[in-house]
Amino acid sequence: MAVFVALGAFLMTLAGGWTAQRVTDRRHLVLGLAGGLMLGVVGLDLLPEALRAAGRAVFGVPAALLLFVAGFLLAHLVERTLALRQAAHGGDEHGHRAPEVGLTAAGAMVGHSAMDGVAIGAAFQVGGGMGAAVALAVIAHDFADGFNTFTITSLYGNARRRAVAMLVADACAPVLGALSTAFVTIPEALLGGYLGLFGGVLLYLAAAEILPEAHHEHPARSTLLCTVAGAAFIWLVVGISS
């Protein structure tokens, strides 16, 4: 049953990526929506779950929040390092983003989707009602995952085939994650730490890259409304599934 439900997440992820591809003539709106979706996923989904699963404090601060800050700084460090290396080889640091950053971020999205599959499998081990609730949440927000995976990969200058490849990997990840629960159980504290770290990475990409790019050439009110709509959509999903 868990694998069958994960197939729904597979299809929803592909639908999100397909939508991101079809609206390229409104790129600023796509980026604004992606930024809002990522902000909502981090603040309303990942961080609350990370704090619940890895709530142990380290020197007065929850471990999940420390890893959240570490993820933000890690993403900043990686991007600056790659940008400086590209500039040293004759590239324009401000005009060309390092494709590796996009692939790394998309890889983190794939890892997150795999954890979604694990969550589905673990919930069905608890009971059918719990499994159905978790499945609803995962399937609903996997549309945003697919949308963001394709957008992030493309934003950093990767070819369309790479973006599609990362999208397919992101779609397959929940199915593989659900399958893995038949053989492996991930400690809750480790899962919470991963979600905190990943949340920091996503927040950096949304705040430092995607949203500034969305408003760079088209600082329109419609772009801002798309960002608010993206965050509100995640709020709706979290509210329905809770």
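The values are calculated or read from the model by the stated rules, or taken from the named source; none is laboratory data. Owing to the predicted nature of the structure, the values given are computational and were not obtained by experimental measurement. Please note: Cβ atoms are built from the backbone with ideal geometry, for glycine as well, and neighbour counts cover all protein chains shown. Protein only, heavy atoms only, side chains kept; ligands, DNA and RNA dropped before computing areas. Shrake-Rupley method; radii C 1.70, N 1.55, O 1.52, S 1.80 Å.
In segment 87-101, what residues are under 27 Å from Gly17 (Cβ atoms), at pLDDT below 80 and open to solvent by less than 80 Å² (accessible area, probe 1.4 Å)?
Listed by number, the residues that qualify are Gly95, Arg97, Ala98, Val101.
Restricting the first residue to segment 45-67 and requiring it to be within 24 Å of Gly230 (Cβ to Cβ) and touching a residue at least 60 places away in the same chain (Cβ under 8 Å), which pairs with a second residue that is outside any strand (DSSP E or B) and among the polar types (S, T, N, Q) meet a Cβ separation below 8 Å and a spacing of at least six or different chains?
Pairs found: none.
Test of understanding: among Ala34, Ala83, Ala50, which residue is modelled with pLDDT under 80, in contact with a Phe, Trp or Tyr (Cβ under 8 Å, 6 or more places away or on another chain) and either of a type outside the set (Lys, Arg) or over 30 Å from Gly193 (Cβ atoms) (or both)?
Ala34
Has segment 133-155 got at least one residue that is part of a helix (DSSP H, G or I), among the small types (Gly, Ala, Ser) and at pLDDT 85 or above?
Checked segment 133-155: at least one residue is part of a helix (DSSP H, G or I), among the small types (Gly, Ala, Ser) and at pLDDT 85 or above.
Do any helices (runs of 4 or more DSSP H) entirely within segment 158-242 hold 3 or more residues that are closer than 18 Å to Gly107 by Cβ, and if so, which?
In segment 158-242, the matching helices (runs of 4 or more DSSP H) lie at 160-180, 188-204.
Hey, can you tell me all the residues within segment 191-214 that are open to solvent by 50 Å² or more (accessible area, probe 1.4 Å) and modelled with pLDDT of 80 or more?
Leu197, Ala207, Pro212, listed by residue number.
Can you find a residue that is open to solvent by 60 Å² or more (accessible area, probe 1.4 Å) and closer than 27 Å to Leu176 by Cβ anywhere in segment 24-39?
no
Has segment 171-178 got any residue that is in contact with a Phe, Trp or Tyr (Cβ under 6 Å, 6 or more places away or on another chain) and of a type in the set (Val, Ile, Thr)?
yes
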